[in-house]
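**Q** Pasting a structure here, questions to come.
Quick note: the coordinates plus some simple rules give every number you see, no bench work behind them. What you see is a predicted model; the values in this text were computed from it and never measured. Note: ideal-geometry Cβ built from the backbone for every residue, glycine included; neighbour counts use all protein chains shown.
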Amino acid sequence: MNKHLSQLIEIANLDKEIDSFEPRIKEAKKELNLIEKEEDKLNHQIEEFNMTSNDISLSIQKNENHLEDLSLKLEEIANKTKLIKTEKESKALSLEEELAKEQITFANEEIARLNGILENKKEALKELEESIKALQNNKKEIAQKVEAEVQKVKDEQKEIFTQKEALVGKMDQKIISFYEKIRKWAKNTSVVPVTRQACGGCFIRLNDKIYSDVIRSDDITTCPHCGRILYNEN
Ligand SMILES: [Zn+2]
């Protein structure tokens, strides 16, 4: 086989290998990405819980303030009761007193109800925080595994790059730039084998003349239909 052609086949194979590294790195990081997503979700939930708990605490505070006002009001009513002169006044005051006491009962019930919710939220928050802790431990382990895997791929990548560099150094620069031009559009199918007298890139049948050129491999032959570099696999 023509030396330039065999070098082209070799460099095309190296380029294919180089292109396979990025997807491998991505694949290795997939598991870690999933865990990070889950962690984000949990953090978001915790944030929401904290916000709701804050709102509830504020409502409790409001009810407590209201209770204070109501007890002042009761005191006021008690003082007024001492000064009552008529039956009508007395009725009005006891009505007011009743109303204030009802409101006190209601506020106390509301505070109890809100405290119940707050307790539940705190309980759930604790669980969430435990889940996130477990997740973070798991993440640490996976991150180490991924890092090792990525490093392995990068080492391989470096090795292939070194091989490619050495090959490029040996090759005719015109041939390299010819190949690079094809590679711009044909990517990893720039140098293709011929199967059953058809181009392995565009699959169009080659005429007998081109086909015998490919089989002889004395020179670099390109597909007359698509322009890819052809070689005979056998
Ligand atoms: Zn073709």
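**Q** So if I place +1 on the C-beta of Lys and Arg and -1 on the C-beta of Asp and Glu, and nothing else carries charge, what would the dipole magnitude of region 178-231 be about its Cα centre? I want it in debye, nearest 20.
**A** Dipole magnitude for region 178-231 comes out near 260 debye.
**Q** Could you work out, for the chain, what percent of all Cα-Cα pairs fall into each 10 Å distance bin, beginning at 0 Å and stopping at the bin that holds the largest distance?
**A** 7, 17, 13, 11, 9, 9, 8, 7, 6, 6, 4, 3, 1
**Q** Based on DSSP loop calls and a cut-off of at most 12 other Cβ atoms within 10 Å, the longest stretch of the chain free of exposed trypsin sites (Lys or Arg not before Pro) is what?
**A** 86-195
**Q** Within 12 Å, Cβ to Cβ, of E10, how many net charges do the neighbouring residues add up to if Lys/Arg are +1 and Asp/Glu are -1?
**A** Residues close to E10 contribute a combined charge of +2.
**Q** Still on this structure: How far apart, in nm, are two points set 7 Å out from the Cα along the Cα-to-Cβ line at Q61 and at R216?
**A** 9.3
**Q** If you don't mind, there's one more thing I want to ask. At a Förster distance of 30 Å, what's the computed FRET efficiency of E233 paired with K152, Cβ-Cβ distance as r, to 0.05?
**A** E between E233 and K152, to the nearest 0.05, is 0.45.
**Q** Are any of the pairs K133/K158; K3/K164; K62/K122 more than 28 Å apart by Cα-Cα distance, and if so, which?
**A** Exceeds cut-off: K133/K158.
**Q** Tell me, what is the percent relative contact order of region 178-231, built from C-alpha pairs under 8 Å that lie six or more residues apart?
**A** Value for region 178-231: 35 percent.
**Q** Let me ask another. Amide H of T221 versus every other amide H placed in the peptide plane: which residues, excluding those fewer than 5 positions away on the same chain, fall under 5 Å?
**A** The answer is L230.
**Q** Using the Karplus curve 6.51 cos²θ - 1.76 cosθ + 1.60 with θ = phi - 60°, work out ³J(HN,Hα) for each residue of region 83-100 in order, rounded to whole Hz, and write x for Gly and Pro.
**A** The phi angles translate into 9, 4, 10, 10, 4, 4, 4, 4, 4, 4, 5, 5, 5, 4, 5, 4, 4, 4 Hz.
**Q** Same structure again: Given a Förster distance of 25 Å, report the FRET efficiency between E38 and L125 from their Cβ-Cβ distance, rounded to the nearest 0.05.
**A** The calculated FRET efficiency here is 0.90.
**Q** Then there's this: Starting from a Cα-only point model with no solvent, please compute log10 I(q)/I(0) by Debye for region 22-154 at q = 0.16 1/Å.
**A** -0.88
**Q** Going toward the positive end of the dipole of region 22-154, with +1 on Lys and Arg Cβ and -1 on Asp and Glu Cβ, which of G116, V150, S131 do you reach last?
**A** Comparing the listed Cα positions along the dipole, V150 ranks first.
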